[in-house]
Amino acid sequence: MQAAQSAWRAKDIAFDAVAATALRKARESAQPQKLEPGDYTVILEPAAVASFLGSVGFGLSARAAEEVSA
């Protein structure tokens, strides 16, 4: 089950589900394993994709292009 992580009203957020997801992620990352260098397939969560696209979108704006070429 995916917890609602954003909402217009605080009462619309499933706080128990969000907390459970955070706890699960914290436990899973408690003992990281070393990976050898190489190519890996990565699957990003929707929030990570949104953040990445927001950054890329800002960098691809006409204003940013003008500032770089000036």
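Only one of the numbered conditions (1) modelled with pLDDT under 90; (2) open to solvent by 60 Å² or more (accessible area, probe 1.4 Å); (3) not in a helix (DSSP H, G or I) is not met by Ser55, and that is (3). Take the residues in region 1-16 that are open to solvent by 100 Å² or more (accessible area, probe 1.4 Å) and farther than 17 Å from Pro46 by Cα, then tell me which one is modelled with the lowest pLDDT. That would be Trp8.
The values are calculated or read from the model by the stated rules, or taken from the named source; none is laboratory data. Just so it is clear, the structure is predicted and the values come from calculations on it, not from any experiment. Keep in mind that these areas ignore ligands, DNA and RNA; they rest on the heavy atoms of the full protein, side chains included. Shrake-Rupley method; radii C 1.70, N 1.55, O 1.52, S 1.80 Å.
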